[in-house]
Amino acid sequence: ENEEFMRASKLFVQTLREFPNDAEAMSHKLLVRAGYIKKLANGVYSYLPLMQRVLTKVSNIVREEMNAAGAQELLMPFVQPAELWQKSGRWQVYGKELMRMKDRHENEMCLAPTHEEVITSVVDGIFGSYKQLPVNLYHIQLKFRDEIRPRFGLLRGREFIMKDAYSFHTSQESLDEEYENMAQAYTKIFKRCGLETKMVQSDSGAIGGSVSHEFMVLVDTSVGENDVFYCEKCGYSANSNHAVSKLNEETTDGGFSGLETVDTPDVRTIEELSKFFKVGENCILKAVLYVASFADDAKGEKVPDMPVMVMIRGDKEVEETKLMNAVGALEIRPAVDVEVKEYLGAELGFISFLGSADRNVRVLFDNSAKGMKNFIIGANEPHKHITGYNFSDIRENDIKGCEPEFVDVSLVKKGEKCVDCGESLNVTRGIEVGNIFQLGTKYSKPMNALYTDENGKTHPYIMGCYGIGITRTAAAAVERYHDDFGIIWPLEIAPYHAVVVPVNTNEEAQVKLAEEIYQKLLNKGVEVVLDDRADRAGVKFKDADLIGYPFRITVGKTIAEGLVEFKARSCDEVLKLTPDEAVEKIAAAVAKLK
Ligand code: ATP
Ligand code: MG
């Protein structure tokens, strides 16, 4: 029966002539057109048999490596009670990505976007003694995140499959060790999936904790939603939401002597100011006003929005994730004109922190401003700027205590110097396929999940967590490996290893030989499809390329000379081989996988 299933005439697949018109990413276009996925709702897909085979392979690689690394598999619920999330404090802060609902008894529930709360409650009470720790538990499970912008097909779905693992420890050293162990397992996993990844430092996001690294598949299109800064020389690499450079140590001097208020009619932008005063943009202290919104407080009361002014060197941009972290906001957005007037009584283009001590505006200085001297700032009066300003000029009515609060909220730029070695930084784009975190006691503490040490004292578990997007990894492989004709699967995760195509199904000899080759491949453990459909050869070749079988054996006229055609999907060359040679080539490649 296994055998019947692998005949193309029976395979549950429908390739399409055209790309879907709602798709931007190549992986999205190809997976729909080649018959791997079918959309049910925005960001929600059915994984059809070809896709399911790919996902099973990715999952199995993950499973094997996680088991080898000493983790144990379990499975946790997809639907979760709100109470658990209230205990950890995330019910209030998770925002709209958390899909909330009520059951028939009016109990609040949610669909699992992640499982920190559940695993903490699972381990608590089972492994309560230091003797039983550390332990690492993982599962491969559906997640639901009501993403604001689901897009790129499986790369950013609302419902998707994730492997996540959680480890529990009695010391930071033990967590460090497991973190390293997981980093190595991840590198192996992605390699086995045929993907090269870069491990980069990153922001911890909604999961929280202090240390975290992401595993990126590098791509050079906008489908890579992350900018990764990296150093060729020493290997430093970080997501733009976390990257730093040596720029913060630089000094710049505007060259003005003494404070002066200067009329600057309609000179608003940094570029205009730089021209007007004939100084570099790095000699202007730029003010950018944001509006931050927060989670409800512990009593469930609304917390009012807060204006936040960022003072940053003129040639630098604000990195909004860093800013959100700096102020503890759930969301931030740039203020609009009317808000600038309302909060500062000033006009966009001339604003600064001057005289704002009594205003309800939080003022932050980016580290890039630290080394500035004799610079230009807005006067907070229409059409005026101040030149020759220094931080020693700050007065009580500007900032209470006259001490500017410095933070790192700027976006690194290509060419800035590496903090570790001083070499110029490069930038590229990446798809985040995995993420590892040191959580510490972020969940165990509020949830009061405790272990007992050798003296009988209790402490919150020290935790780590480790995620891999199963569906995203598969899509990232398509993003990385395709051409104009279709997908070029790495052999490791291809739905089938090979296809056998008889050119003319009316020619009995061809059909018979194709059948024999097919049987031989099956016997050698090759996962193979026999394209027994009565279609023209051109149609079958097109489908084979689109679907992306790594190998194709074509049985046509050359059988008169005892030869068939052998072709690897990743290579243009067509070889004429005897049937046995062709079978052997594929069998050898497949044997290497195990
Ligand atoms: P992103 O920043 O891309 O939204 P995340 O950092 O919020 O992702 P994690 O909480 O780190 O995601 O989840 C672990 C892994 O799950 C990610 O590395 C990614 O591979 C996968 N993943 C997360 N969100 C999605 C999604 N919406 N669709 C598909 N896979 C996802
Ligand atoms: Mg992540």
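Work out the length of the dipole vector of segment 1-152 about its Cα centre, built from +1 on the beta-carbon of each Lys and Arg and -1 on the beta-carbon of each Asp and Glu, and round it to the nearest 20 debye.
480 debye
If you average the C-alpha positions of segment 445-518 and of segment 128-179 separately, how far apart do those two centres end up, in angstrom?
Taking the Cα centre of each part, segment 445-518 and segment 128-179 sit 17 Å apart.
Once you keep just the Cα pairs under 8 angstrom separated by 6 or more residues, what percentage relative contact order results for the chain?
Rounded, it is 16 percent for the chain.
Answer with one residue from Cys283, Ala544, Asn241: the one whose Cα lies farthest towards the positive end of the charge dipole of the chain, charges on Cβ with Lys, Arg +1 and Asp, Glu -1.
Working it through, the farthest residue towards the positive pole turns out to be Ala544.
With θ set to phi - 60°, apply the Karplus curve 6.51 cos²θ - 1.76 cosθ + 1.60 along segment 333-349 and write out the HN-Hα couplings as whole Hz, x wherever there is a Gly or Pro.
Working through the residues one at a time gives 8, x, 6, 8, 2, 5, 5, 4, 4, 5, 7, 10, x, 10, 10, 3, x Hz.
Pick out, in residue order, every one of the chymotrypsin sites (Phe, Trp or Tyr not before Pro) in segment 375-434 that is DSSP loop and has at most 10 other C-beta atoms within 10 Å; say none if there are none.
none
Work out the FRET efficiency for Lys457 and Gln72 from their Cβ-Cβ distance, taking R0 = 22 Å, and round it to the nearest 0.05.
Computed FRET efficiency for Lys457 and Gln72 comes out at 0.25.
Select from Cys231, Ser392, Thr505 the residue farthest towards the positive end of the dipole of the chain; place +1 on Cβ of Lys and Arg, -1 on Cβ of Asp and Glu, and compute about the Cα centre.
Towards the positive end, the residue furthest out is Thr505.
Could you tell me which residue out of Ala335, Val361, Gly349 lies farthest along the dipole of segment 267-393 toward its positive end? Charges go on the beta carbon: Lys and Arg +1, Asp and Glu -1, centred on the Cα centre.
Highest projection toward the positive end goes to Gly349.
Whole number in Å², please: accessible area per residue of the chain, 1.4 Å probe, ligands, DNA and RNA not counted.
The answer is 46 Å² per residue.
Rounded to a whole number, what % of the accessible area of the chain do carbon and sulfur atoms account for, probe 1.4 Å?
In the chain, the share of accessible area belonging to carbon and sulfur is 48 percent.
Between segment 244-266 and segment 536-594, what is the C-alpha centre distance in whole Å?
67 Å
Largest first, please: the extent of the C-alpha atoms of the chain along each principal axis, to the nearest Å.
95, 66, 49
With charges only on Cβ, +1 for K and R and -1 for D and E, what is the dipole size of the chain about its Cα centre, in debye, rounded to 20?
1200 debye
Counting pairwise Cα distances across segment 78-199, what percent come out greater than 24 angstrom?
Value for segment 78-199 (Cα pairs over 24 Å): 42 percent.
Counting DSSP beta bridges with both partners in segment 473-554, what percentage is antiparallel, nearest 5?
That works out to approximately 20 percent antiparallel.
When the dipole is taken about the Cα centre of segment 544-594, and only Lys, Arg (+1) and Asp, Glu (-1) are charged at their Cβ, what size is it in debye, to the nearest 20?
That gives a dipole near 200 debye.
Please enumerate, by chain and number, the lysines with C-alpha under 22 Å from the C-alpha of Lys299, excluding those fewer than 8 residues away in the same chain.
Correct list for Lys299: Lys87, Lys96, Lys102, Lys442, Lys445.
How about segment 187-246: which GluC sites (Glu not before Pro) there lie in a loop by DSSP and see at most 16 other Cβ atoms within 10 Å?
Glu196, Glu225, Glu232
Taking Lys592 as the anchor, which lysines have their alpha carbon closer than 21 Å to its alpha carbon, excluding any fewer than eight residues away along the same chain?
Within the straight-line limit of under 21 Å, Lys592 reaches these lysines: Lys57, Lys188, Lys191, Lys520, Lys524, Lys567.
The values are calculated or read from the model by the stated rules, or taken from the named source; none is laboratory data. Every value quoted in this text rests on a predicted model; they were computed, and no experiment measured them. Using ideal geometry, Cβ is built from the backbone for each residue, glycine included, and neighbour counts are taken over all protein chains shown. Ligands, DNA and RNA are excluded from the accessible area calculation, which covers all protein heavy atoms including side chains. Shrake-Rupley method; radii C 1.70, N 1.55, O 1.52, S 1.80 Å.
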